[in-house]
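Presented below is the structure to which this report refers.
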């Protein structure tokens, strides 16, 4: 190879390397942005689920309040409080 051919080859190889590196950089940046976008969607879903969980705990607390359960037992199920309680033990 002549000196001019070697320089042309080195110049071509250097340009090829620059193009490959630039392409890899663009791909890595795109991949990173996609990951950040997915993370933001997941974070939004997590916050929404936490809010739902808090509302459900509050609703559960309201539905299982002793006064409410007692009122429903008396009104809808016609239950009455036991006046005399007898405990029976097994003779095992």
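Scanning region 61-70 for residues that are part of a helix (DSSP H, G or I) and either in contact with a strand residue (DSSP E or B) (Cβ under 6 Å, 6 or more places away or on another chain) or surrounded by 10 or more Cβ atoms within 10 Å (Cβ to Cβ) (or both) yields 63, 68, 69, 70.
Contact map, region 36-48: first residue without any contact (Cβ under 8 Å) to a residue 60 or more places away in the chain, second residue in a helix (DSSP H, G or I), Cβ cut-off under 6 Å, separation 6 or more or different chains; the map is empty. Output yes when any residue across region 4-20 is over 37 Å from the mean Cα position of the chain (by Cα), surrounded by fewer than 10 Cβ atoms within 10 Å (Cβ to Cβ) and not in a helix (DSSP H, G or I), and no when none is. There is no residue in region 4-20 that is over 37 Å from the mean Cα position of the chain (by Cα), surrounded by fewer than 10 Cβ atoms within 10 Å (Cβ to Cβ) and not in a helix (DSSP H, G or I).
Just so you know, all these numbers are worked out from the coordinates, no wet-lab data involved. Note that the structure is a prediction, hence the values are computed from the model and not measured. In this analysis, Cβ positions are derived from the backbone assuming ideal geometry, glycine residues included, and neighbour counts consider all displayed protein chains.
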